[in-house]
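Presented below is the structure to which this report refers.
Just so it is clear, none of the values below were taken in a lab; they were calculated from the coordinates. Worth saying up front: this structure is predicted, and the values here are computed from it rather than measured. Backbone-built Cβ (ideal geometry, glycine too); neighbour counts: all protein chains shown.
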Amino acid sequence: MSVTYHEVEAFIRDELASLTGEVSVSADTVLIGQNRVLDSADLVVLLLAVEEFAKEKMGVDWDWTSDSAMSEARSVLRNVGALAHHLADLQAA
């Protein structure tokens with residue numbers, strides 16, 4: 001049930017592209033704060049999909065509702081890459 005960082009990132013990028021219609025989604029694509037590509041409703045949809053992916057494909061539970069997750073400065077939701085790294089680290093732990 002091991003999933004690589006690149007597989008996690010690809011899943012997030014694909015989900016984000018599907019939600020936004022953006023074709024150039026990268027690890028640096030901003031998820032929260034200034035210059036974000038999603039509105040709050042679409043962010044929730046993305047995070048629910050990521051939560052399900054983490055549970056089903058990676059075997060990890062991920063709580064994206066914590067205050068620290070939503071902090072613009074230190075959040076794992078800063079961008080696609082930060083989120084993918086966080087999930088890969090959860091799996092490794």
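Remarks
- Placed amide H near Val30: partners under 5 Å, 5+ positions off or other chain: Val37
- Dipole of the chain, positive end: most advanced residue of Gly81, Leu16, Leu47 [Cβ charges, Cα centre]: Gly81
- The value of relative contact order for the chain, using C-alpha pairs under 8 Å at least six residues apart, is 39 percent.
- Unit Cα scatterers, Debye sum, the chain: log10 I(q)/I(0) for q = 0.11, 0.14, 0.25, 0.26 Å⁻¹: -0.26, -0.43, -1.48, -1.59
- Given 16 as the ceiling on other Cβ atoms within 10 Å, longest exposed-site-free region of the chain for GluC sites (Glu not before Pro) in DSSP loops: 23-71
- Projecting label points 7 angstrom from Cα along Cα→Cβ for Thr20 and Thr4 puts them 2.4 nm apart.
- Dipole moment magnitude, nearest 20 debye, the chain about Cα centre, only Lys, Arg, Asp, Glu C-beta charged: 180
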